[in-house]
Amino acid sequence: MATLRPLEVGLMFWGDQDPLKMIQAVKSLGLRCGHLGFTAAVDFTGLAEVYSKALEDEDFTVTAVFAAYDGESYADIPTVLNTVGFIPEATRTARELRTYEVIDMTAAIGVDIFACHIGFVPEDHTDPVYAPVRDMVRRICDYAAVRGITFALETGQEPAETLLHFLEDVARPNLKLNFDPANLILYGTSEPISALKLVGKHVVSVHCKDGNWPDKNVAGSLGTEMPLGEGSVGMANFVNTLKEIGYTGALTIEREVSLDQDMDDRHQAKLSHVDDIMKAVQLLETLRG
Ligand code: MG
């Protein structure tokens, strides 16, 4: 895998297609690293060998592996609550088992950060969901720790203070954060820069993503993802704050919007998608200095 510079720019991509082609597609944007996401549809049989070879041949570094789970939907806030991460009880056991598979895959391809959305962590510790989810996170941390892996929670669905209390209560040294500034805006949670300052020492990776706040007149609505630099995050402030807190990991662009385009628009969407990722790369290269 490539040796990376501090604040090296990367891209989040999904491992549902041919590994070599996906890695070459990311490299064609001039990038040497990325986050690799696995949906529930990915069968890991024999896949670690294929990935390890492709990463070595292409001199490409995966800086974190992400899991998405069967049945998750990000349509609006109530749907996220009912479908995402470890919160829904009906899918909790199956998702725990899948998490162990993804952590095994993470270790097998030589990556040391595993991450996912665990869903909205309740602020109230007496909420019936709280203790089972905390205990599940402890088990996952312990499973990851013996494999040399850090478990990074994707941020955005709860305020920084709630996250800090949760980290403290789980009390596992390998539980950290993947900080996604846009999510804090999209979920209407809190202003991202002050949140980053609060949780900074726990941040081991980031998503460079932008967005605008939800429409206050539509209850339960999510905000709108925007091309990097065109939303409400304030990318210069975000990157400067990362420098201030001493973060030296990758700046990994996450651009999700084209995944939701209609089939008819797909060709055009892909073109504009690449175009705005290229602009994002240029913006981050300037800001990282
Ligand atoms: Mg993210």
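Taking LEU259 as meeting all but one of (1) within 15 Å of the ligand (Cβ to nearest atom); (2) modelled with pLDDT of 95 or more, write down the number of the exception.
(2)
Are there any strands (runs of 3 or more DSSP E) wholly within the range 1-75 with 3 or more residues that are closer than 15 Å to ASP112 by Cβ, and if so which? Steps first, answer last, please.
On the way: elements: 9-14, 33-38, 61-67.
Those strands (runs of 3 or more DSSP E) span 33-38, 61-67.
For the range 167-221, what are the residues that are of a type in the set (Lys, Arg) and at pLDDT 95 or above?
Result: ARG172, LYS176, LYS197, LYS201, LYS209.
What number of residues within the range 211-232 are under 20 Å from ASP275 (Cα atoms) and not polar (S, T, N, Q)?
Qualifying residue count for the region: 8.
Enumerate the pairs (first residue in the range 190-209 and closer than 25 Å to GLN282 by Cα; second residue anywhere and of a type in the set (Gly, Ala, Ser)) with beta-carbon separation below 6 Å, excluding pairs fewer than 6 apart on the same chain, so at least 6 apart or on different chains.
Matching pairs, first to second residue: VAL204/ALA152; SER205/ALA64; SER205/ALA152; SER205/GLY249; LYS209/ALA182.
So which residues in the range 86-111 are open to solvent by 40 Å² or more (accessible area, probe 1.4 Å) and under 23 Å from ASN183 (Cβ atoms)?
THR91, the sole residue that qualifies.
Determine which single condition ALA236 fails, assuming it passes every other condition in (1) within 16 Å of the ligand (Cβ to nearest atom); (2) over 23 Å from LYS176 (Cβ atoms); (3) among the small types (Gly, Ala, Ser).
Answer for ALA236: the failing condition is (1).
Confirm whether LEU20 is surrounded by fewer than 19 Cβ atoms within 10 Å (Cβ to Cβ), on the phi < 0 side of the Ramachandran plot and of a type in the set (A, V, I, L, M, F, W, C). Give the derivation first.
Numbers: surrounded by fewer than 19 Cβ atoms within 10 Å (Cβ to Cβ): yes; on the phi < 0 side of the Ramachandran plot: yes; of a type in the set (A, V, I, L, M, F, W, C): yes.
It is true that LEU20 is surrounded by fewer than 19 Cβ atoms within 10 Å (Cβ to Cβ), on the phi < 0 side of the Ramachandran plot and of a type in the set (A, V, I, L, M, F, W, C).
One residue is enough: does the range 85-97 have a residue meeting the conditions modelled with pLDDT of 95 or more and within 16 Å of the ligand (Cβ to nearest atom)?
Looking for residues that are modelled with pLDDT of 95 or more and within 16 Å of the ligand (Cβ to nearest atom), one finds at least one in the range 85-97, hence yes.
Could you list, ordered by first residue, the pairs with Cβ atoms under 9 Å in which the first is in the range 170-188 and within 17 Å of GLY200 (Cβ to Cβ) and the second is part of a helix (DSSP H, G or I) and among the polar types (S, T, N, Q), at least 6 apart or interchain?
The qualifying pairs do not exist here.
The values are calculated or read from the model by the stated rules, or taken from the named source; none is laboratory data. Everything quoted here is computed from the prediction, not taken from an experiment. So basically every Cβ, Gly included, is an ideal-geometry build from the backbone, and we count neighbours across all protein chains shown. Ligands, DNA and RNA are excluded from the accessible area calculation, which covers all protein heavy atoms including side chains. Shrake-Rupley method; radii C 1.70, N 1.55, O 1.52, S 1.80 Å.
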